[in-house]
Every structure is written in C-alpha cells, then in structure tokens.
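J.: Before I ask anything, let me first share the structure, which is written out below as structure tokens.
Nothing in this text is a laboratory measurement; each read-out follows from the coordinates by a stated rule. Just so you know, these numbers come straight off a predicted model, no measurement behind them. In this analysis, Cβ positions are derived from the backbone assuming ideal geometry, glycine residues included, and neighbour counts consider all displayed protein chains.
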There are 2 protein chains.
Amino acid sequence: MSSNEKIIMEKEKVPVDTIDQDPDIFIPNVSVDCIILGFHAGSLKVLLSKFKVSDKWMLPGGFVAKDEDPDESAKRVLREKTGLNDIYLKQFYFFGKKGRIGLDENVEMLKRSKLNHDKVNWPLDRFISLGYYALVKYNEVTLQADEEYEEAAWFDINQMPELYADHKEIIDTATFTIRRQIGFVPVGYELLPEKFTMPELRCIYEAILGRPIDRRNFQRKMLSIGYIQPLNETRKVGAHKSPNLYTFIKEKYDEAERFGIQVMSNNF
Amino acid sequence: MSSNEKIIMEKEKVPVDTIDQDPDIFIPNVSVDCIILGFHAGSLKVLLSKFKVSDKWMLPGGFVAKDEDPDESAKRVLREKTGLNDIYLKQFYFFGKKGRIGLDENVEMLKRSKLNHDKVNWPLDRFISLGYYALVKYNEVTLQADEEYEEAAWFDINQMPELYADHKEIIDTATFTIRRQIGFVPVGYELLPEKFTMPELRCIYEAILGRPIDRRNFQRKMLSIGYIQPLNETRKVGAHKSPNLYTFIKEKYDEAERFGIQVMSNNF
C-alpha cells in the first residue's frame, strides 16, 4: 500500500459497535462482516479497518441489533465506514466454523483494550458471521474511523496485509462468489464512473476472475451481449492514446438479476 | 400429493432437536433449515416435515450445537430425515429478518406441545436461519420421522401445502440460487440415476429455471458442453418409444465448481 492510499480521516465520533458496546443490544453469537470493493488507479481495492489495540487489519463489521434486520446492520456498518447511504450490497455466505476466530487473538485484544475483561467477556464467544459484499464508487467514499479506536484504509486486493481471524478466507469467498455471479452482478456499473474505457472494465473482470483475459475476445463479447453501449467520445490519456468511452445499459443487468437468467457465462 | 407419496416411516426414535430439547446445547438465536430436493416420476420434489402440534408443513431443520460447525448441523438434520450420510449439500443464504417467524404461530405450537411454557420460552426468540440445500437421489432416501412428534413427506415443488413461517420464501430462494448456479452445480448428476434420458434431464432444468425449454436447443447445448456422454443404450418405455440413455462426466462439473468458471450460461 502506498502512503497516499492510506487515508485516515479524523471525523467526529461515529458509533463503534464493537468491543466497548453493551452486548444486550445485540443478538448474541452473530456478527456481520462487509467486503467493500472499489476500483481505483487500475486495480480492485478492498476497504479494511484496524483497531488500535490490534496488530491486524480486518473487515469492517459489527453486530445485529435485536431490533434490526441483518441487511440493516450491514448498511449501518457501510454508512459508518464510507459515509455512503445508497450502496449495492448483497449477502453472499455465512462463516460459522467452531474455531474460526482465534481465541488467543481476541484475549490479547481484550487485554490491550483496558476493558474490565472479568466483566466483559462476550467478545470471546463463538460468532457466526453473516458475510456481505458491497460495490462502491471509490471516489464517492470518504473513509471514516473513530480516531481513538481505529483506522481505515483501502488495500489492493492482490497486496493485502495479514488479516485478523478468517477474514482472508471471507474475502476470497466473496471474490469467488462474484466470479460465479458475474453474469448477473453489475460489477462494472457499480464500480466504474458513468463513462469508462474497455481496458478499465476488463481490468475489473481480470481481478475478479483471477486471470488475464484476451483483450479482443472480451471486447467482442461485452459488446455482443448488449449491456454496454459505445459512446461517440474518447478520453485523452496521452499523446497517442485516446481510448473510446462506453456506458452501461443498466436495465439489462437489472433484468438478468431479477430473473436469474444470465446472458453470458463467465468463460471469456 | 398422492397418498403413496406420503410415507411416514415409524422407526426407532431419532433425536428431535427441536421444541423439547435442552437449549443450553445450542447457539442461541441461530437455526439451520434444509431444502432437500429429489426427482421422481417426472417432477422435482421437496422433502417437508410437520410437527403433530402444528397445522403447517415446514423445512426439516434444527439448531447448531455449541460444539458443531453449521455444516455438521445440516448434515445431522439430513441424516435424521433421510437416512443418508453422503449428500451433496451447500449453504446458499441466511434468513434473518426481524418478523420472519410469526410469534403467534409459535406460541400456539408451544401451547399444544404441553411443555411448560413458563419455563420453556426460547422457541419464541428471534432466529437467524442458515439455509442449506441438498440434492439427493429420491430412491435412496428412506423417510424418517419421530412417530410421536412429527411426520415427513415429499411434495411436488409446484404443489406445496401451506408452509410454516417464511419457509416458502426459503424454498423459492433456494431454487432461484440453483437457477443462477446451474452452470456449476451438478443438479442432474446428483438427482438422476447413473443412466438417464434427455427428457428427464430437461425436466429438472425446466423445474429449476421455472419455464419450458426448447427440446432440441437443450439437447444440442447439453451435448456440446461436454458434461454428458451418450451411451450406446436405449430404455424401453413403450411399444414405440425407446429413448437414448446418457451418463455424466462428473470431472467436468467438479472443475467448473472448483474454479468458478462455468462452461455455459443458463440461458437456454
């Protein structure tokens, strides 16, 4: 991660519904973890946060309040971390294996937190995590973190730091899920600005499919399925390069998503 | 449902990990629900169970023991209901909305159960359900139910009785999920016997996609993707009908599933 990518905004305090929260508000043993994906400078990024009392980065997460739907909990987490309200957000998997959260790791965090850990021991419980992924426009996000307790930063999905507990597995499962759903999920539409170039779109597909894609084959397929419309515009990126710009036909994606009928396989 | 489809096996008692179970064994507020799909007599079936104290059929389900992974809980439920150990089983969604289980419905069931409902009130808690679907070979299943408390039966997926709580929505979400994943999930392989006819396979795809599929188009596509191999055999089904038999090349499916790269879209 380059230093200019690591932005820690010092904002007025936002609720930190984690270690120092009253457990009676929440459903016990259930947490929510959010994979927030953005696209910037030619690469797919994931938003991570880190408690001051921990050495490891983790997925932004929280708990499900007794009067909340899990979707609402995930939206709350997203709002707290990104400042955004209206986000493409999907549940994708739950993570509930017995040993998924290392007990030692949490004991150490609890000690460092200076909480009275004779009284506060529910963070040492077993948790079943409900996994959500979110697709955001990088430029619209304002990273937010409670300065006293935590920091937040974007990381390239291919260059992540060591992660807390099973959070690497959660991220891998999210990208694998999106890979399988790429015929329905409007990844490009959600991650790119209104006007984009074909290499930008291909770059996202390559990151999610985890392999290079043939340039011509990709362009031909993308245009043939009718999700994407060429514009009569180019973007000036260098003395000799002015790639064509494209835009999405969102309705087509919506239809595919609603009926579960994809118009392409992910086999480029 | 025809009467010969409704089989209630009276077996030695199997554990009923539901209304009369000690709640301390389980993670609170978390349940597991299983959609068990089978194929029989030309239609897709779902296995349902019903408590004697309830008027409504429901999905076979249970809870997650404190020393169990959720996958193990689902396997336990499947074993208890079908007698089978080695089943194609996948988690597909979680269901956690606040009002998803009608309180009145459960109060009524609890009353009828003759349990001391001043003491036993945890079935009235809010539950987050972890949804699993299973694909089984209908003929291998031996329906099992605790004769004193419940019954079990197969229902045609298009002719289901009124269901408990949000279980209809859970089934609909399962079929929708399989519809989207049909390029990866070996539905035919898991549901059909080793040798099958093309109309049998098409029938399964039609049930999952929720619409008729053109016979010739389907056959051509199925053969071209290389998952299916024609055998040099026919089946005698009538004086003038002897459809060809086919078999699956399982390795191809395994590969698609492992790498998340589908070899066809679901757009027949």
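J.: Output the 0 to 90 degree angle, nearest 10, between the alpha-carbon long axis of helix A:215-224 and the longest principal axis computed from the alpha carbons of chain A.
T.: The angle comes out near 80 degrees.
J.: Shortest first and in nm to one decimal, what separations exist between B:N121 and its copies in the other chains, measuring from label points 7 Å along the Cα-to-beta-carbon line?
T.: 2.7
J.: If you don't mind, another one. Put the label 7 Å from Cα along Cα→Cβ for A:R216; what are its distances to the other copies, in nanometres, shortest first?
T.: Spacings between copies for this position, smallest first, are 3.3 nm.
J.: Here's something else I'd like to know. Between A:A41 and A:I249, 0.36 nm times their residue separation minus their Cα-Cα distance comes to what?
T.: This chain segment gains 72.5 nm when fully extended.
J.: Could I ask something else about it? Based on the mean of other Cβ atoms within 10 Å per residue, sort peptides A:84-90, A:226-232 so the most packed one is first.
T.: Those peptides, ordered most packed to least, come out A:84-90, A:226-232.
J.: Excluding A:L191 itself, calculate the net charge of residues whose Cβ lies under 10 Å from the Cβ of A:L191, where each Lys or Arg counts +1 and each Asp or Glu counts -1.
T.: Around A:L191, the charge tally is 0.
J.: Roughly how many debye, to the nearest 20, is the charge dipole of chain B about its Cα centre, given +1 on each Lys and Arg Cβ, -1 on each Asp and Glu Cβ, and no other charges?
T.: Rounded to the nearest 20 debye, it is 1360 debye.
J.: In bins 5 Å wide, starting from 0, what share of all Cα pairs of the range A:3-180 does each bin hold, as a percent?
T.: Going from the shortest bin to the longest, the percentages are 1, 8, 18, 22, 23, 16, 8, 3, 1, 0.
J.: In whole Hz and in residue order, list the ³J(HN,Hα) couplings for the range A:81-86 that follow from phi through the Karplus curve 6.51 cos²θ - 1.76 cosθ + 1.60, θ = phi - 60°; x for Gly and Pro.
T.: Computed from phi, the couplings for the range A:81-86 are 8, 10, x, 9, 9, 9 Hz.
J.: I'd like to know which of A:A74, A:F127, A:I101 lies farthest towards the positive end of the charge dipole of the range A:51-129, counting +1 on Cβ of Lys and Arg and -1 on Cβ of Asp and Glu.
T.: Ranked along the dipole, the leading option is A:I101.
J.: If you don't mind, there's one more thing I want to ask. May I ask you to evaluate 6.51 cos²θ - 1.76 cosθ + 1.60, the Karplus curve with θ = phi - 60°, for each residue of the range A:241-256 and list the ³J(HN,Hα) values in order in whole Hz, giving x for glycine and proline?
T.: Running phi through 6.51 cos²θ - 1.76 cosθ + 1.60 with θ = phi - 60° gives 10, 9, x, 5, 9, 10, 9, 8, 9, 4, 4, 5, 4, 4, 5, 4 Hz.
J.: About its Cα centre, how strong a charge dipole does the range A:193-259 have in debye, to the nearest 20, once Lys and Arg get +1 and Asp and Glu get -1 at the Cβ?
T.: 360 debye
J.: Per residue of B:57-66, how many C-beta atoms from partner chains lie within 10 Å of its own C-beta, taken as a mean?
T.: Averaged over the peptide's residues, the number is 1.
J.: Report the paramagnetic label zone for A:R235: residues of the range A:192-211 whose backbone N is under 19 Å from a point 7 Å from Cα along the Cα-to-Cβ axis.
T.: Inside the label zone: A:192-208.
J.: Let's test the formula: R0 of 25 Å, r as the Cβ-Cβ distance of B:V53 and A:K66. What FRET efficiency results, to the nearest 0.05?
T.: So the FRET efficiency works out to roughly 0.40.
J.: Separate question: Which of rounded, prolate or oblate describes the protein assembly as shown when judged by the alpha-carbon gyration tensor and an a/c cut-off of 1.5?
T.: Cα axes put the protein assembly as shown in the oblate bin.
J.: Mind checking the full-extension length gain between B:F259 and B:N139? Use 0.36 nm per residue of separation minus the Cα-Cα distance, one decimal, nm.
T.: Fully extending the segment from B:F259 to B:N139 adds 40.1 nm.
J.: Assign unit charges at the C-beta atoms only (+1 for Lys and Arg, -1 for Asp and Glu), then state the dipole size of the protein assembly as shown relative to its Cα centre in Debye, rounded to the nearest 20.
T.: Dipole of the protein assembly as shown, to the nearest 20 debye: 2620 debye.
J.: Another question about this same structure. Starting at the first residue of the range B:127-134, write each ³J(HN,Hα) from the Karplus equation 6.51 cos²θ - 1.76 cosθ + 1.60 with θ = phi - 60°, in whole Hz, x for Gly and Pro.
T.: For the range B:127-134, the Karplus-derived couplings read 10, 9, 9, 8, x, 10, 10, 10 Hz, x marking Gly and Pro.
J.: A further question on this structure: Compute the angle between helix B:167-180 and the longest alpha-carbon principal axis of chain B, please, reported from 0 to 90 degrees and rounded to the nearest 10.
T.: Its long axis makes an angle of about 30 degrees.
J.: Further question on the same structure: Would you kindly work out, in nm and rounded to one decimal, the distances from the label point of B:V53 to those of the same position in each other copy, ordered shortest first, with label points 7 Å along Cα-to-Cβ?
T.: B:V53 label point versus its equivalents elsewhere: 4.2 nm.
J.: For the Cα atoms of chain B, what angle does the longest principal axis make with the long axis of helix B:198-209, in degrees from 0 to 90, nearest 10?
T.: Helix B:198-209 sits roughly 40 degrees off the main axis of chain B.
J.: Of the cross-linked pairs A:K56/A:K114; B:K66/B:K98; A:K52/A:K75; B:K75/B:K137; B:K75/B:K111, which ones have a Cα-Cα span greater than 21 Å in the structure shown?
T.: Too far apart for the 21 Å limit: B:K66/B:K98; A:K52/A:K75; B:K75/B:K111.
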